[in-house]
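Accompanying notes for the structure given below.
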Amino acid sequence: MPLLSYEDLSVLLPGMARPVLDGVFLQVEAGEAVALVGESGSGKSVTARAALGLLPPGASTGGRVTVDGCELIGADAATLRAVRTGKASMIFQDPRAAINPVRRVGDFLTEALRLVGGRSKAEAEARALELLAAVGLPDPPRHLRQYPHQMSGGMLQRVMIAGALTADPRLLLCDEPTTALDVTTQAEIMAVLRALQQDRGLGLLLITHDLDLAAASCDRIYVMYAGRIVETATAAELLAAPRHPYTAGLLGSSPPLHGAPQRLTPIPGVPMGLLESAPGCAFAARCRFARPGLCDQSAPELEPAGGRLVACHLADTVLSEVDR
Amino acid sequence: MTSVMTAALRRLLGMAATLLVTSFLVFSSLYLAPGDPAAFLVRGRSPSPDELAAIRQQYGFNDPFPVRYWHWLDGVLHGDFGRSYLFHQSVGEVLWSRLPATLLLVGVSTLMIAVVGIGAGIVGALRRGTRTGSAVLLLVTVGAAVPSFVAAIVLRSVLGVKLGWFPTIGNGTGVLDRLHHVVLPAIALSVTFMALVTRVTRSAMLDELRREHVEVALSRGLPRGTVIRRHVLRNALGPITTVCGLLVSGMLVSTAIVETAFGMSGVGSLLVQCVDELDFQVVQAIVLLVVAAFVVVNTAVDLVYPLIDPRVRAAGGAR
């Protein structure tokens, strides 16, 4: 059984024309690093939060989300607490916003252990010191007494990671963990995350808009567009030969890391908002291959094509011939 | 740590300077007030101009302004606020006899404001959008619009006269009787302030509830009650403390109305009486006392604030 599994998860918010998430399938095995890639507003963060039972207020849901065998959709408070305190933890985008600014770093690290885990203050602090060292912070005893505003963004994100590890989770959910940081710090944080993931055999779901980052740090990649998974493959396959026009568009709009620089080709148009809906493929309006009468009429299912799963009517015809 | 001490010391010096300026303003404003204190002293008789001049001489009314201010300030610094013309006692004795009643009134009101105001604010924030939440908002709007003298009249006539649950006049004797007597005045005094504290608490809580770190705390499996207490209410304490500090001193002023309305003998009703009777020495002392309370409470809030929000500590050190 996979560690994290989404089966046909749909999330609908009142007053919106289309679901935030529409039939999401996604799996993360124990010890596996998986990326979920998409533009802002594609539903990646909602997907990740659903794994902790954090859904937007007023949302109606369909389908299943399980973490280590625990069903989260419609779960009672005890199940939610069990998952949140022992199975899965989340690392948030902006550590400055995610850590209470008026409490000490030590409080942030130990409160879950003391208040929910039933550990003594000394035990919790010993554990916190150990984790601060594990995420590569130079002076753990001092950091315990510091306030968040006394640390840099990169240091604070390490604190955030240490905080996520206090619960000894089997699954780490990382919601754009490096977006709020500068470039060199980004690389350091990703290195810390990957090392911890490998050392501890954690399952990892990395939410990012950066396809190259996803490919560099994860085994498999899911590409999300307008609340649907449109393509999934191993990182190498996806980068070498994207089969969904959207994936191809994402790759074409970022500069290649190696080889001669090429002219970037942005994807025309803007992502579909929550107040719009289309009877056919959500990407059809922006897709240069879209066939009238087909793509704008029926929504494609996620189906095998070229050794992976793709949700595109033309996966077997057009894109297999397009050479990037 | 030394920067914290320096900042505290600076605040205390600032407080002393404020009090000094205040004392000057208080003294000079009464100097400008209409009415001749010498004329008051001889009220009921018709003195000859010579007798009047003698009285002026005796009480130092002829001295130049700075000299009179200096004498008064010197006395105040030694705890001597002068003599009350009205009571033929030292101002200190007059105040001292009236102070306990007022402190009891303000104390009970503060307690009510803290418990009911903050409590209702928390409920209003957590139950926003429900019937309970709307009820809190309605009560806040009504409460803020009720002046204390209106509240006093309504409370007296309904709970005091019609239902007879509470006495309507006087201070009472003995601990329980005093408390019984102070209930209605305390409610009348605190209604407006309570509404203000509720509103501030509610909006501060709502601000904090929206913060991402609250969602993060929930995502870590902390029970909702714990998150509300440790991360929402704790972070909302800053504005709540500030407004409570302002209110305590504001209440001292309002005691003038409430004590008069309930026929209580306290500093507030004393102020009204002495203004009426031109007993300048007492008025000066009371005004100075109220301003001092205001300054002291605000300084205390300033000093406590860095404990509530550590980010202020950093900013204070840099300034």
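Listed by position, the helices (runs of 4 or more DSSP H) contained in the stretch A:127-244 that have at least 1 residues being surrounded by fewer than 18 Cβ atoms within 10 Å (Cβ to Cβ) and more than 16 Å from the chain's Cα centre (by Cα) are A:140-145, A:153-165, A:183-200, A:235-240.
With respect to A:Asp139, is the statement that it is more than 20 Å from A:Thr179 (Cα to Cα) and either in contact (Cβ under 8 Å) with a residue 60 or more places away in the chain or more than 12 Å from every other protein chain (Cβ to nearest Cβ) (or both) true? Judged against the criteria, A:Asp139 is a match. The sole residue among B:Val248, B:Val258, B:Val282 that is at pLDDT below 85 and in a helix (DSSP H, G or I) is B:Val248.
Just give me the residues in the stretch B:216-229 being surrounded by 19 or more Cβ atoms within 10 Å (Cβ to Cβ) and without any contact (Cβ under 8 Å) to a residue 60 or more places away in the chain, in sequence order. B:Val216, B:Ala217, B:Leu218, B:Ser219, B:Arg220, B:Gly221, B:Leu222, B:Val227 - these are the residues of the stretch B:216-229 that are surrounded by 19 or more Cβ atoms within 10 Å (Cβ to Cβ) and without any contact (Cβ under 8 Å) to a residue 60 or more places away in the chain.
Scanning the stretch B:124-140 for residues that are farther than 19 Å from B:Asp207 by Cβ and basic (Lys, Arg) yields a single hit, B:Arg131. Right, A:Ala164: more than 25 Å from B:Leu218 (Cα to Cα) and touching a strand residue (DSSP E or B) at 6+ places or on another chain (Cβ under 6 Å) or not? Here the answer is no, as A:Ala164 does not meet what is asked. Within the stretch B:119-159, the set of residues being part of a helix (DSSP H, G or I), small (Gly, Ala, Ser) and without any contact (Cβ under 8 Å) to a residue 60 or more places away in the chain comprises B:Gly119, B:Gly133, B:Ser134, B:Ala135, B:Gly143, B:Ala144, B:Ala145, B:Ala151, B:Ser157. Here B:Val214, B:Val183, B:Val175 are screened, and the one residue that is within 14 Å of chain A (Cβ to nearest Cβ), farther than 22 Å from B:Thr141 by Cα and over 16 Å from the mean Cα position of the chain (by Cα) is B:Val214.
Could you say whether any residue in the stretch A:12-34 is without any contact (Cβ under 8 Å) to a residue 40 or more places away in the chain, of a type outside the set (Val, Ile, Thr) and either within 25 Å of A:Asp212 (Cβ to Cβ) or within 14 Å of chain B (Cβ to nearest Cβ) (or both)? Yes, there is a match, as at least one residue in the stretch A:12-34 is without any contact (Cβ under 8 Å) to a residue 40 or more places away in the chain, of a type outside the set (Val, Ile, Thr) and either within 25 Å of A:Asp212 (Cβ to Cβ) or within 14 Å of chain B (Cβ to nearest Cβ) (or both). Among the residues of the stretch A:86-103, those that are at the interface with chain B (Cβ under 8 Å from one of its Cβ atoms) and in contact with a Leu (Cβ under 7 Å, 6 or more places away or on another chain) comprise A:Ser89, A:Met90, A:Ile99.
The values are calculated or read from the model by the stated rules, or taken from the named source; none is laboratory data. Predicted, not measured: the structure shown is a model, and the values here were computed from it. With ideal geometry, Cβ positions are generated from the backbone for all residues, glycine too; neighbour counts draw on all protein chains shown.
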